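Only one structure is covered here, and it is reproduced in the block below.
The values are calculated or read from the model by the stated rules, or taken from the named source; none is laboratory data. Note that the coordinates shown come from a computational prediction; the quantities given were computed from them, not determined experimentally. Note: ideal-geometry Cβ built from the backbone for every residue, glycine included; neighbour counts use all protein chains shown.
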Amino acid sequence: MPVVPSPALRKALSCSIFSYRNPQIIAMVAGSIGRDYLSPVSPNRIWKAVIFDAHNLIPKLLPDFISSVEILEGDGGVGTIKQLNATEAVTEFRFIKEKTDILDNEKHRVKQSIIEGGLIGLLLKSYSVELKLEEDTDGGTLGKIIVEYETLGDTPLSSEEEEKIMEGVYLVIKTIDQYLLANPTAYV
């Protein structure tokens, strides 16, 4: 059963994080943003869905924004390069190409660098997303999302810009989480 993205997710993906003009390259400022989240879904189920089947699952859950996810290089492990292709609803770019830098199946930790597309050249020189999942005391998940970035200009991102970036990442993870809650036999 597909999950219908919430209005907040639609807004975040369609315009808010992608509405930047291309600034002059003067210098760069490095920063990071983090967010914790709790889920009643086990880390193993979230991990299987996000890491091993995202190329199938994300276009099904977010068809208005992601038309497809292609594996361009690799076998899903470290060094794998994937391309997320955006629909016409995403007006600032057509794709996001990401490379898996860290993949620890035992510790449920993954870090992916955006190597082309997305906010590269629009707002950021570079950025990466790291996801860590731990089992909480009730068998659910305590998750941590970390976005590290370097800006194009010599001005740090505002707290509003940081929140918009994190919200886009967080809402995708939460949409997968909602799917797993609605489909308790998926990815067991």
| Subset of the stretch 156-188 (residues that are modelled with pLDDT of 95 or more and of a type in the set (F, W, Y)) | Y179, Y187
| Single match in L133, L142 (criterion: in contact with a Gly (Cβ under 6 Å, 6 or more places away or on another chain), in a strand (DSSP E or B) and closer than 23 Å to L180 by Cβ) | L133
| Of the conditions (1) modelled with pLDDT of 95 or more; (2) part of a helix (DSSP H, G or I); (3) surrounded by 14 or more Cβ atoms within 10 Å (Cβ to Cβ), K60 fails just one. Which one is it? | (3)
| query | Does any residue of the stretch 66-76 turn out to be at negative phi, assigned to a loop (DSSP other than H, G, I, E, B) and touching a residue at least 12 places away in the same chain (Cβ under 8 Å)? | reply | no
| For E134, which of the numbered conditions (1) surrounded by 19 or more Cβ atoms within 10 Å (Cβ to Cβ); (2) touching a Leu at 6+ places or on another chain (Cβ under 6 Å) fails to hold? | (1)
| task | Among the residues of the stretch 145-188, write down those that are under 19 Å from S126 (Cα atoms), of a type in the set (G, A, S) and not in a loop (DSSP other than H, G, I, E, B). | result | S159, G168
| request: Name the residue, out of I17, I115, that is modelled with pLDDT under 90, within 18 Å of E148 (Cα to Cα) and surrounded by 13 or more Cβ atoms within 10 Å (Cβ to Cβ). | output: I17
